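The values are calculated or read from the model by the stated rules, or taken from the named source; none is laboratory data. Being a predicted model, the structure only gives us computed values, none of them experimental. Positions of Cβ are backbone-derived with ideal geometry, glycine not excepted, and every protein chain shown enters the neighbour counts. Heads up: the accessible areas ignore ligands, DNA and RNA and are worked out on the full protein's heavy atoms, side chains in. Shrake-Rupley method; radii C 1.70, N 1.55, O 1.52, S 1.80 Å.
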Amino acid sequence: SQKIEQNSEALNIQEGKTATLTCNYTNYSPAYLQWYRQDPGRGPVFLLLIRENEKEKRKERLKVTFDTTLKQSLFHITASQPADSATYLCARRATSGTYKYIFGTGTRLKVLA
Amino acid sequence: EPEVTQTPSHQVTQMGQEVILRCVPISNHLYFYWYRQILGQKVEFLVSFYNNEISEKSEIFDDQFSVERPDGSNFTLKIRSTKLEDSAMYFCASSVQGGDEKLFFGSGTQLSVL
């Protein structure tokens, strides 16, 4: 079955630094990957989508890369702020032709002031 | 910005009781989903719904679960006879289409089965 793996260890970084989170997937390469932010007790909020033919996607201080050879996506937050502290989830469709999205366990980011 | 609305935010029930979780998806969206998240675990797919019928469901979504879109705005998840292991945060989500589309999630209903 398709899997998404994220580093479940919490990531602590200093304010102003760049945070880099990793998402690895197994089996077939999805046509795209999505990244969400989840705050405690809240639903996930969509951040970015990157397609397999896009090497990189940016939105303000966020950058996502997609490497189909490594089966990996990297999510970067530059000039991080304490307000960026949250859990970040990677998601993909389970298989092509399905509308079932599967999520990684998420990486909890804490930005220290 | 339009949002997905879920009620109630918290629901406490006794084991064996029926519960109905309610959702109002975004009005022009066509695909609807229920996900759940047990404390400290990943967001898990339960069911997707399109054109007034279930399009996919997971192994978790057994005969105790059902979904319904009783009118043009509400989308409900019913658990007929709750078990202790049904305790989780239940999220409703919707999307404009079912393909490469972002999901809009509600704030969730925290279900506690005692």
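Ligands, DNA and RNA excluded, the heavy atoms of residue B:86 present near 10 Å² of accessible surface to a 1.4 Å solvent probe.
Shape verdict for region B:5-113, please, from the Cα gyration tensor: rounded (a/c under 1.5), prolate (a/b greater than b/c) or oblate. Working shown, then result.
Working: a/c = 1.63, a/b = 1.55, b/c = 1.05.
Prolate shape, in that a/c is at least 1.5 and a/b is the bigger ratio.
The charge dipole of chain A, taken about its Cα centre with unit charges on the Cβ atoms of Lys, Arg (+1), Asp and Glu (-1) only, comes to about 220 debye. Among the GluC sites (Glu not before Pro) within region B:1-94, those in coil by DSSP and having at most 16 neighbouring Cβ atoms inside 10 Å are B:3, B:18, B:59. Normalised size of the protein assembly as shown, defined as Cα radius of gyration per 2.2 N^0.38 Å with N residues, equals 1.02.
Hey, which of these cross-link pairs are over 20 Å Cα-Cα: A:17/A:59; A:3/A:100; B:57/B:78; A:63/B:42? Present the calculation step by step, with values, prior to reporting the outcome.
Working: A:17/A:59 17 Å; A:3/A:100 13 Å; B:57/B:78 14 Å; A:63/B:42 23 Å.
Listed pairs above 20 Å: A:63/B:42.
With viscosity 0.890 mPa s and temperature 25 °C, the Kirkwood radius over alpha carbon pairs of chain A converts through Stokes-Einstein to a diffusion coefficient of 174 µm²/s.
So for region A:50-112, what percent of the C-alpha to C-alpha distances run longer than 20 Å? More than 20 Å apart: 37 percent of the Cα pairs in region A:50-112.
What the phi angles of region A:7-21 give under the Karplus curve with 6.51, -1.76 and 1.60, with θ = phi - 60°, is a coupling list of 5, 7, 5, 5, 10, 10, 9, 7, 3, x, 7, 8, 9, 10, 10 Hz, glycine and proline written as x. Within region A:1-91, the GluC sites (Glu not before Pro) that combine a DSSP coil assignment with at most 14 other C-beta atoms in a 10 angstrom radius are A:9, A:15, A:52, A:54, A:60.
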